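Asker: So that we are looking at the same thing, I have put the structure below in C-alpha cells.
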Amino acid sequence: METKFYPQREMIFTKHPEFDNVKAAIFITSKESNMASVCLIEIAPGSETPIHTHEEQADSVFVVQGHGETYVNGSWQPIEPGDYLFIPAQGEHGTRNTGTHPLRLFVHHSPPLV
C-alpha cells in the first residue's frame, strides 16, 4: 500500500448503508489494508447512530466538529470537538447529534469493518 492523501475539498460523502441521516467519507477499506478501515462520519442535527456493537472491531473515534452525546459504559456522555473515544470490540456504543450543525467523527476500525 502506498501513502494516501485526502484533501478535504475532495472528500465525497455518501449515505451510510445502515443509518438514516448519516453520511460517510470512506478513506481506507479492507481492500487497501488488512489492519484498519478509516472514515469520516457526518451525523445530521437531531439524528444518531443507534446503540450497537462490532463483534471483532475496536473503534477509535475523534470528534472533529459539532456537539452531541455518545453512549459508552451504559450511559450517555456529552461530546464536543477534540474529544476522543476508544470502544473495544463488542463494546456498546452510539452517537447522537444534539447540536444545530453536522457532527463529524473521524473513525478508525481495527480490524477493518468495511
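Asker: Any idea which of (1) surrounded by fewer than 14 Cβ atoms within 10 Å (Cβ to Cβ); (2) touching a residue at least 60 places away in the same chain (Cβ under 8 Å) is the one ARG104 doesn't satisfy?
Answerer: (1)
Asker: I would also like to ask the following. Test each condition in (1) buried (at least 17 other Cβ atoms within 10 Å of the Cβ); (2) under 27 Å from SER30 (Cα atoms) for ASN97 and report the one that comes out false.
Answerer: Among (1) buried (at least 17 other Cβ atoms within 10 Å of the Cβ); (2) under 27 Å from SER30 (Cα atoms), the lone unmet condition for ASN97 is (2).
Asker: Another question about this same structure. Can you tell me which residue in region 1-16 is modelled with the lowest pLDDT, limited to those that are out of contact with any Phe, Trp or Tyr (no Cβ under 6 Å at 6 or more places or on another chain), loosely packed, with under 15 Cβ neighbours inside 10 Å and closer than 18 Å to HIS108 by Cβ? Reasoning before the result, please.
Answerer: Here is the first cut: in region 1-16, the ones out of contact with any Phe, Trp or Tyr (no Cβ under 6 Å at 6 or more places or on another chain) are 1-5, 7-16.
With loosely packed, with under 15 Cβ neighbours inside 10 Å added as a condition, the list becomes 1-5, 7-12, 14-15.
Still in the list and also closer than 18 Å to HIS108 by Cβ: 1, 3-5, 8, 11.
Details: MET1: 73, THR3: 92, LYS4: 91, PHE5: 94, GLN8: 91, MET11: 93.
Applying the filter and picking the extreme gives MET1.
Asker: How do the strands (runs of 3 or more DSSP E) wholly within region 10-91 filter down when requiring 1 or more residues that are within 11 Å of the chain's Cα centre (by Cα) and within 19 Å of PRO112 (Cα to Cα): which remain? First the steps, then the outcome.
Answerer: Values: elements: 22-28, 37-43, 48-52, 58-65, 68-72, 75-79, 84-87.
In region 10-91, the matching strands (runs of 3 or more DSSP E) lie at 22-28, 37-43, 48-52, 58-65, 84-87.
Asker: Please list, ordered by first then second residue, the pairs with beta carbon atoms under 9 Å, 6 or more apart or interchain, first in region 60-78 and touching a residue at least 12 places away in the same chain (Cβ under 8 Å) and more than 28 Å from MET35 (Cα to Cα), second acidic (Asp, Glu) and not in a strand (DSSP E or B).
Answerer: GLY66/GLU80; HIS67/GLU80; GLY68/GLU80; GLY74/GLU92
The values are calculated or read from the model by the stated rules, or taken from the named source; none is laboratory data. Remember, predicted model here, so these are calculated numbers, not experimental data. Cβ: placed from backbone, ideal geometry, glycine included. Neighbour counts: every protein chain shown.
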